Every structure is written in C-alpha cells, then in structure tokens.
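One structure is given below, encoded as structure tokens.
The values are calculated or read from the model by the stated rules, or taken from the named source; none is laboratory data. This structure is a prediction, so every number in the text was calculated from the model and none was measured. FYI the Cβ positions are ideal-geometry reconstructions off the backbone, even for glycines, and counts take in every protein chain you see. What goes into the accessible areas is simple: the full protein's heavy atoms, side chains included, and nothing from ligands, DNA or RNA. Shrake-Rupley method; radii C 1.70, N 1.55, O 1.52, S 1.80 Å.
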Amino acid sequence: MTGPGAGKAEMGVYRGYPEASRRRWRRGWKSGALAPRKAPLPCAGLNPQGLKAVTLPIRDAALKGPLFHVAANVVVTANIAHGAVRGATTGQDVAKIRGFLKAKGILAAWLMVAAFASCAQAQVTFERLVNSAKEPQNWMTYSGDYSGKRFSTLDQINAKNAHTMVAKWVYQTAATGKLETSPLVVDGILYATAQDNRAFALDARTGRPIWMYQRQLPSDIRPCCGRVNRGLAILGDKVFLGTLDAHVVALDSKTGNVVWDVVAADYRTGHSFTVAPLAVKNLIVIGISGGEYGVRGFIDAYDAETGQRKWRFYTVPARGEPGNDSWEGDSWKTGGAPAWNTGTYDPITNQIFWPTGNPAPSNRGAGRAGDNLYSNSLLALNADTGKMNWYFQFTKHDQHDWDATQVPVMIDVKTPDAKTSDAAGKHLIAQADRNGFFYVLDRSTGKLLSATAYGKTTWSDTRDGEGRPIANQNASPTLEGHTVCPGALGTTNFMAPTYDPQTGLFYVTARDQCDIFSTAPQPYEAGHAFYGSAYFPSEEAEPYRGFLKAIDPATGQIKWKFEHTSPTWSGVLSTAGGLVFSGDAEGNFIAFEAASGKPLWHFQMGGAVYAAPMAFAVDGKEYVAMAAGSAIYAFGLP
C-alpha cells in the first residue's frame, strides 16, 4: 500500500487493552449471551488482537451473563490466539489448544475455539444479491435491493399493530457527530458504520457486538460536511468500506480484519469517500466525494477479491472526450461532479445507474461557461466496463449547489395489455431531485418522461425541448445577492427515499426553504474549499418547513404530506405492512400509514436523525432499525 494514509489501516479490534501488551492481549471473556435459537447463526470467528464474541453452531446453546461479563481474566500469547488457532488444521492440533485452554480454566474460550473449528459463514454471492427478494429477512445492500426502492416485504409489523412497537435493543457507537449509516443484515448479523470510519458487526437479535474496526485517519482529512459514512457493501466473506482518506478497504465479515486496503485518490486535495459502496458481480462500485474542493469526480470499480481497480469513469470528461466542450477552457480540471451517494443496478440490462453532484466552484458559473457535463446527472454505465450508455442532466450549469446525488429508484409498471410486454410495460427510473423537481425517465434510454415540482421553486418557469426545467434570468447569483428557491440545501438532499409497489407511491423527505445567493469570486487552491459564492437564509421567504411527501410517479401529484416540527435529514422506509417509517430532527422515529400519511406511533430516540431506516427479521421476528444521535435502535413488537 502506498500513498497518503499508507500504513494507517489496522485490524478490527476492541479498543482499551493496555498499550504495553503488544505481544499479548488481555481481555475479559465477553459472554455471547446467546438465547436459544431454531437454527445456528454464522460463526463470528477469532481476531489476533482480541477475543470476539461468537455465535455458536449449537442448537439451543446459550452462554449466560450480561454483555462484557468477565468470566475469566484471559491472558493468551498472540501466537496461541492467532497463529496456533488459525493453523489448527488437524484434530490433534485442536486437541493441543483445547488442553492449553482447559489447563487455564478458560471454558468459554474453548467453546469459541470449538466454534471456530466447526462452523463457516454463508457466502453472500452475487446471485443472492440479485435474488434478494427471496430473502426478505435480510437487508443486503444500501437500499435493500438493487432497485433502490428501500421497500421491505415483511408485514409482521403492520398498520394494525404498529402502535405497540417497542425498542428491542440499542447499540451505542460512542461516536460523535452525524450518524448517517444504513445497516446491512445478513443471516442474523448486522453490519454498520459510524463516524470516523468505524465499522462493526452486531448480533442482530440482541445488538451485542461481535467485532469492531476503527480506522486511524490522518489529522488533516478534508470532508466537506462532517466525518460521516453511510454504510457498507457485502460480497462473499467480506464487507467493504470507503474511507475519509480516500481508501477502499475490504474487511473479513467474520472478524473485521483487513483483507485488502487500496488508495483511490489523494485526500490532501479534498478527495474522500462517504458513500456506501455497491457490490455488483465481482466488483465493488464506489463514487468519490469532494466537489466542494474542486476535485475531478469519478466512479470506481474494484475487484472484490484482490482490490485491483478494474475501471474508472471520470464524471468530468477530459480534453478530446465527448462532453468536454461543455466546459470553458481548462475549468474541467477542477470541475467537481462528485458521486457521493449510492446508485442502483439493473441485472437484466447490466447497467449501473449512478447520480452525480455539483460542478465546481459550486455556486459561481463565471469561468466555467457551458452545461458542465456530467455534473448533476444520472449516468447509465455498463457494469463490466464502466462505459457510459446514456446520461440525463437534471440541472445544467448549476450555480446553487444542487447536487443530483439522490438515490435513483427503478420502477416497473405493468401494462393493461399483457401482449405489449413479457413482464412489465414500462421500465422507469425516478428521482426526487435537490433542485425541487421530481423526474421520471425511461431507464432504457434516459428519455425524460415527466418533471414536476414537489416543493417551492422560483429558479425555473420554462422547459427546454425535452421538457426539462431550465433556469430563468433571475436564478444566477449576483454581487448584491438575491433570493432563490430552493436554497443550497435543496428541496431534498442525500436522504434516502422509498417506493412502495403496493400503494404505487414514492415517499421522500422534503423541505421548503429559500436562500440569498451572492457571487464571491475565488481562485482555485488545491485542498481548499472552492465555492465561488456565499449563501444564507432569505428573510423574504417563510421560515424553513420540513415534510414527508407521498408522490404519485404516474402524475407527479402529491397525494399526501406530513409536516414535521422542523426540516429533517431522515431517510424513509416502506413495508408490506402498509407502513412508512421516518425520523425527525427532534429525535422522533415515526410510523405512518402508507396510504394516508396518518401517524400511528412514535418513539423518542434522544438525538437528531440523519440516517435511513431498514427492516430485517431473525428467528421469525421482524425488526425495524434506525440510527439516531450516536446509537442504533432496533424496534419490534412486544
């Protein structure tokens, strides 16, 4: 590994053991506290620098005692804990280790070795990801499946009993700042992230920790908007993390140990990763952040086994490439167009749909005349090669920081006449954009089908020949400054939407706000913020208002809306139980009736919500998980 931050990566460990114990580790055995189960959960394995709580493949087994209960003060040399155990390939080898542990009176540790020797974790194959609908108990991608719907077919929790929901467990991450993670759950294990590139695995039934990885970040990283991370991808026996110092890291899903670690870009120039990667075939696809620093955006794909980069698509074309003429002079070199939110994938056409962000400087168009491709666009890329099949640009020559990095949602609409299609008549992709318009495209061609305002907008009052909203003469920032709606935060932002195929509605967190934009000429300096404008709340407009809105993609009509106390940063989940879940800035987690928007239940979590909910099931029981404050909550029926 070379480049900035090289050598910074470390093994997944529990922190807190004495620094002097470099050749030995000292941890009290933490009982797995496994309640009886109908079927075994995967093995969590061993870690060379600390005992892991493990799930044993023993039917109805249970280790008694609370989490972090000390049954014995274990001191084992590193070569016994790691080298000997990992090298135990014969029964005789295991017997020797068993004798050592029994001689020390460490019964619980022996149970762990027995588990290690006899169990193996189920592989998360590409086929499982494609057919995730067959495993509704699992949540294996950022949005739950490749379509981006964030819809769960679980219905045990429904509109009739949601009012009885209770918190089943809470896991405190001990991290500060905005917790934006959207967990994964596979075969009873929950995988998630926290601020400063902390990753961890929990028993999804109890919230008890199995392993934790903490990256040691450089002191001079340059994230624009908090030291955040939105989650992991999983494939095979690994989970994958993008880091704030612009590395891509593969962790062993059983132990949290680093399998490989590659440098994608130089963090000192403003590059970083905050996005949850997307696993496609044998590739890990991830988009860069850093549009506020004038980076040249890109989307990468890495071999899941080796970490070798297989392709890179630059979101700002270079000289001589199609689209470069949409940039004035050499402005493309610092053109931005980051790709900092997770896209979707169509396995039938083998296309990845990935959204891009603002051009740089984000709020000043002078010096970068033109449409500034492929900023603020949705890109359709061949998954094998990264070659672009088509693009659609939502906001041309953006001067208001209206990243189009909202999750694109794939929707298939059946036709009344079955003869017109084998399975579905219309293959659509919908996006509620930051610029205040809700777009529906034909995902086969990228053709715009409709664009409808779903929030307060003043920047556009006309359309181009394709039906795309275009900026009016009053939209550009001025030296004196004037009010434009929406403001820089947009009508929506990174908050994950959901589409419920039962109601046929698209649900999204939205806000009505307006800002005053004024120009502020600024030279580019590598590694420094590159905005080119100043913006601040407008006194001409109403105070900010926040909503959950239900939109009919067929018409663009808002079917219902619920107004929050203040604008929220929460994502949204819908379920087959006729429910929609979301949170608010005051820390409430709320269940709504999907058809009407009627609030049915809420729970105060004690911290503002910046994440998106998800659903899973273990042992036949449905849970809904949500991050808030510095904790992850799991809710279920009593």
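Which percent of the accessible area of the stretch 445-572 is formed by carbon and sulfur heavy atoms (probe 1.4 angstrom)?
Its accessible area is 52 percent carbon and sulfur atoms.
In nm, give the distance between the simple-model label positions of V170 and D155, each being 7 Å from the Cα along the Cα-to-Cβ direction.
3.3 nm
What distance in nm separates the simple spin-label points at H528 and E563, each placed 7 Å from Cα in the Cβ direction?
According to this spin-label approximation, the distance is 4.4 nm.
Could you sort the peptides 188-194, 585-591 by per-residue average Cβ neighbour count (10 Å cutoff), highest mean leading?
Working: 188-194: 25.9, 585-591: 19.9.
Descending mean neighbour count gives 188-194, 585-591.
Restricting attention to the stretch 512-576, which GluC sites (Glu not before Pro) occupy a DSSP loop and are surrounded by at most 15 other Cβ atoms within 10 Å? Before the final figure, lay out the partial values.
Numbers: sites: E525, E539, E540, E563; in loops: E525, E539, E540.
Loop-located and lightly packed - E525, E539, E540.
Going through the stretch 141-170, which trypsin sites (Lys or Arg not before Pro) have at most 16 other Cβ atoms within 10 Å and a DSSP loop state?
K160
Report ³J(HN,Hα) in whole Hz for each residue of the stretch 453-467, in order, from the Karplus equation J = 6.51 cos²θ - 1.76 cosθ + 1.60 where θ = phi - 60°; Gly and Pro get x.
Taking θ as phi minus 60°, the curve returns 5, 10, x, 6, 9, 10, 7, 9, 9, 9, 10, 8, x, 8, x Hz for the stretch 453-467.
Translational diffusion coefficient, Stokes-Einstein: compute it for the stretch 481-547 using the Kirkwood radius over C-alpha pairs as Rh, at 37 °C and 0.692 mPa s, and state it as an integer in µm² s⁻¹.
231 µm²/s
How much of the accessible area of the stretch 235-391, in percent, comes from carbon and sulfur atoms when a 1.4 Å probe is used?
48 percent
Run the reach check for K149 against aspartates and glutamates, Cα to Cα strictly under 17 Å, same-chain hits fewer than 8 apart removed. What comes back?
Answer for K149, where 17 Å is the Cα cut-off: E135, D346, D412, D433, D442, D500, D552, listed by chain and number.
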